[in-house]
1. Would you please classify the overall shape of the stretch 200-241 from the alpha carbon gyration tensor, given that a ≥ b ≥ c denote the square roots of the eigenvalues, rounded means a/c under 1.5, and beyond that prolate means a/b larger than b/c while oblate covers the rest?
2. Evaluate E = 1/(1 + (r/R0)^6) for THR162 and ILE65, where r is the Cβ-Cβ distance and R0 equals 25 Å; express this FRET efficiency to the nearest 0.05.
3. In whole Å, what is the distance between the alpha-carbon centres of the stretch 1-64 and the stretch 219-241?
4. How would you order 208-214, 45-51 from highest to lowest mean count of nearby Cβ atoms within 10 Å?
Amino acid sequence: MDYIRFLSDSFDYTKEALWGRWVRWLLLLVSVVIFPLIYGYSLRVMSGKPAPELEGWIGLFVDGIKLIVITIVYAIPVWVLAIVGLAAYFIPVSTTTTPGVCLATQQCIRCAYFIPVSTTAIPGSGPETGIFVLLALLIVFIIFAVVIGILSTFAMVRFARTGRMGEAFRVRALVAHIGEIGWLNVFIALVVLTVVLAIVELVLVLVPLIGVPLLLLLTPAFIIFVYRYIALIYESAPAPA
């Protein structure tokens, strides 16, 4: 996978979309505030067509809402796993103490002074076991979140290419498409994108006085760049029908 070509193509596409088109740039800044509009425009970028005009505001808004719904639906399993993982870790911990018992008799009788006393220790349990369980849950969560993130990314582009929300949830077709490109290749491509953006944004933030305002001003450029890059990853292999 030619990551350098993806970056170069995305840069040229962004330049073509915004350079010298200051009205479009200004309208996109407004769309960032009314965020469904910028999501709708992102769909047009992912459609694979030349830099689109910013027109059809109602259509942009509706498409943006649809894209938000798709991302939320794909995020639900991640939220559920996070909640289940936290419950699995903390609930057993909370049951390792008994109600208050009397200091004098160690029996549950009515007394003016109670303290919690730990129950009999379970063989093999302890801080080390808790840390191991937590790390195992964290690793599973990260892997699951990455898989869902890749699936949702391809779902967005598939929706942009077909115009049908149902296509975004054809998981079998999405998995086949990603498998054709290679899960590792897609993951590395997204990591490259993340690192490049992080470096550019960090450099801008470090510029005295004008760094942060410039970063905000360039937000439309970053958005177009990202979604064009994602579209190129999607195009690395033919999408299943």
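Derivation of every value follows stated rules applied to the coordinates shown; laboratory data play no part. Everything quoted here is computed from the prediction, not taken from an experiment. In this analysis, Cβ positions are derived from the backbone assuming ideal geometry, glycine residues included, and neighbour counts consider all displayed protein chains.
1. Prolate is the answer for the stretch 200-241, as a/c is 1.5 or above and a/b outweighs b/c.
2. Values: r = 17 Å, r/R0 = 0.69.
Step by step, r from the Cβ atoms, then E = 0.90.
3. The stretch 1-64 and the stretch 219-241 have Cα centres spaced 11 Å from each other.
4. Peptide ranking by packing, descending: 45-51, 208-214.
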